[in-house]
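The values are calculated or read from the model by the stated rules, or taken from the named source; none is laboratory data. Since we're looking at a predicted model, the values are computed, not measured. We place every Cβ from the backbone using ideal geometry, glycine too, and count neighbours over all the protein chains shown.
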């Protein structure tokens, strides 16, 4: 196997997506909202398809808007079913995302002739095509794959969010009551975080697909959480796990001739398994802590 | 409805198959729902994919029973992994579920693409597990799934009492000697089997809906587990039928997603409109109660003013009425109009006055208020300046029976703690 420029672009895209996801995912895991993230990543599908149909192109901005709208809608529906409809929270998550995802699939099939989105691509992405879709300037020169630029921009946004709003995210995550008392709107940060999740999901659609983005959101964050109890360290560790998986996953995929995103997910799972075994077998202290807590 | 379409043999197979799958999943899923393990069903559904692929790699065959064997084993592994993660680490259930489902699914995709790329011709069809291909169901599948469904439902009936016990009060179940651990294993196995066969209809992603959405819909209509189970089964079967009919009528339409959309419409409809628990029902009930309280308060106001001026039937203008009490003018007009309909008030030009009937109602509210104040001071030993707010609420709620009891208990008192007269 040789690592050429195409491999480089693919690994880079994977790594960019992985870092965005793992940083956001850390907050999801700490807020016990992993499954809301999972739900959003599925439920933005109709938003993307509708944006696609309205704009008639695969341009990024309408898709981001469509996804953000449906991300917020999903969050709102889950809350409404739960609070107003008195439906237990796990069921309201399950019902909301399956329903919206089903509508998305139906829309894709109904307009299949004029939509160049297919189910497989949406489900498990096709990161292998990343190097084929270049960003051309007017004079004909190219700036490299479009996906790299888009995922890079999203990563910058996530960095900015975490950097500038660190304190607010921290407080609303760990002590929402205190946050409310000192005048930080927990609602606002909740919805902002959820729309960021939908943003990341859309960007990941083209690379890792709707379902595996969940693996990138939750697994590195969960793995890092086993090793530390400090948020900055958890963010860093989860990003490292994500990047490592993007790299090793690509190698595994080219060795097995399989889906790259699937292979990256397997590496993420393997990382978790190793850390899990290490913590359970060699760190009885951590276990004691849980028992006494 | 034109029933001639049912003469199409393939459609009969498909709709019958999907209805059986839908009903079975709904009944098993009712217990997942009651045990608040709805999303574990989602994880099992995703975890089935690698099992199916592995069994294909090992046996090079697509026999439904072999596929099922693989599906059940990885489905079970997912349950055990989630349990192990929650038990041994500080991660919460939701993170464990999300992690397990995505990693197992990733493994499934890895295996599936490896099989596909290896160029084996007979593998085509494995990917039907992703979205489900109900339309391609053949009579062999129908027999296998039908038997499994019957077995599953039979077990649900046999162990119904035990399953209900472990769903609602596991400690009580333990205390009275139910083999809790074994029952949990049986129930989880049934869930895995229901998922493994249900996936044929709707695929991995949407399987969770087949399990929990009918149960959630049924929950809005009843408080009895047995009724809920049957209702869920009916919802599941009906949406299965609807899905297969839609994709028969419009062949390009996918069956699975339509089943899910129909079942979701059942659930959201129930959530909004079911009597008793539905959002709209509760809203209407609350509005009606608020309107009643408002009307009570208006009559009370008339009574108070009449009491003070020793003239109960004086006609009063809107501004007279808004002077003392904090009524919004709009609310007041709305209330007066509805009281007009029940002949509790009269309208004379621009002024309003109460009728004999209205006076009696107003008097009753005032009486209840004062009786309650007296009751609180005499029996609960609450200071007389602390009892007003409580009485303000309870006056709208006390029933005639309770009223009589209060009167007897307080020996038909003549005045309340503030030394105002209690009117009879």
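Quick notes
- Single condition residue B:194 does not satisfy, out of (1) under 24 Å from residue B:109 (Cα atoms); (2) within 14 Å of chain A (Cβ to nearest Cβ); (3) within 25 Å of the chain's Cα centre (by Cα): (2)
- A count restricted to the range B:93-120 and to residues that are surrounded by fewer than 17 Cβ atoms within 10 Å (Cβ to Cβ) and at the interface with chain A (Cβ under 8 Å from one of its Cβ atoms) stands at 2.
- The condition (being free of Cβ contacts under 8 Å to residues at least 40 places away in the same chain and either facing chain A (nearest Cβ under 8 Å) or over 18 Å from residue A:82 (Cβ atoms) (or both)) is satisfied by just one residue among B:267, B:233, B:237, B:250: B:250.
- On inspection, residue B:32 passes the criterion of being in a helix (DSSP H, G or I) and modelled with pLDDT of 90 or more.
- Residue within the range B:365-380 that is surrounded by fewer than 13 Cβ atoms within 10 Å (Cβ to Cβ), in contact with a helix residue (DSSP H, G or I) (Cβ under 9 Å, 6 or more places away or on another chain) and more than 20 Å from residue B:395 (Cα to Cα) present: no
- Qualifying position, being assigned to a helix (DSSP H, G or I), facing chain B (nearest Cβ under 8 Å) and either without any contact (Cβ under 8 Å) to a residue 60 or more places away in the chain or buried (at least 24 other Cβ atoms within 10 Å of the Cβ) (or both), among A:201, A:236, A:223, A:265: A:265
- Counting the residues of the range B:28-59 that are surrounded by fewer than 22 Cβ atoms within 10 Å (Cβ to Cβ) and in contact (Cβ under 8 Å) with a residue 24 or more places away in the chain gives 4.
- Test: residue in the range B:409-420 that is assigned to a helix (DSSP H, G or I), more than 19 Å from residue B:291 (Cα to Cα) and in contact (Cβ under 8 Å) with a residue 12 or more places away in the chain: yes
- Yes/no for residue A:215 being buried (at least 24 other Cβ atoms within 10 Å of the Cβ), under 16 Å from the mean Cα position of the chain (by Cα) and without any contact (Cβ under 8 Å) to a residue 60 or more places away in the chain: yes
- Criterion applied to A:120, A:116 was being at pLDDT below 80 and assigned to a loop (DSSP other than H, G, I, E, B), and the one residue passing it is A:116.
- Failed item, numbered, when residue B:83 is tested on (1) more than 12 Å from every other protein chain (Cβ to nearest Cβ); (2) surrounded by fewer than 23 Cβ atoms within 10 Å (Cβ to Cβ); (3) in contact with a helix residue (DSSP H, G or I) (Cβ under 7 Å, 6 or more places away or on another chain): (3)
- Filter pass, residue B:294 being within 37 Å of the chain's Cα centre (by Cα) and over 15 Å from residue B:337 (Cα atoms): no
- Residue in the range A:268-280 that is within 9 Å of chain B (Cβ to nearest Cβ), in a helix (DSSP H, G or I), under 20 Å from residue A:205 (Cβ atoms) and modelled with pLDDT of 90 or more present: yes
- Residue in the range A:38-50 that is over 20 Å from the mean Cα position of the chain (by Cα) and in a helix (DSSP H, G or I) present: yes
- Against the conditions (1) surrounded by fewer than 24 Cβ atoms within 10 Å (Cβ to Cβ); (2) more than 15 Å from residue A:104 (Cα to Cα), residue A:52 satisfies every one except (2).
- Just one residue in the set A:191, A:250 is surrounded by fewer than 24 Cβ atoms within 10 Å (Cβ to Cβ) and assigned to a helix (DSSP H, G or I); that residue is A:191.
- Residue in the range A:127-138 that is at pLDDT below 80, buried (at least 16 other Cβ atoms within 10 Å of the Cβ) and out of contact with any strand residue (DSSP E or B) (no Cβ under 7 Å at 6 or more places or on another chain) present: yes
- Members of the range B:277-317 that are over 17 Å from residue B:333 (Cβ atoms) and in a loop (DSSP other than H, G, I, E, B): B:277, B:278, B:310, B:311, B:312, B:313, B:314
- Qualifying residue in the range B:387-398 (condition: surrounded by fewer than 14 Cβ atoms within 10 Å (Cβ to Cβ) and in a helix (DSSP H, G or I)): yes
- The residues of the range B:122-170 that are at pLDDT below 80 and not in a helix (DSSP H, G or I), listed by number, are B:124, B:125, B:126, B:127, B:132, B:133, B:137, B:138.
- In the range B:171-212, the residues that are assigned to a helix (DSSP H, G or I), surrounded by fewer than 20 Cβ atoms within 10 Å (Cβ to Cβ) and out of contact with any helix residue (DSSP H, G or I) (no Cβ under 6 Å at 6 or more places or on another chain): B:171, B:172, B:175, B:181, B:182, B:184, B:185, B:186, B:189
- Condition check for residue B:306: under 30 Å from residue B:204 (Cα atoms), touching a helix residue (DSSP H, G or I) at 6+ places or on another chain (Cβ under 8 Å), buried (at least 17 other Cβ atoms within 10 Å of the Cβ) and at pLDDT below 90: no
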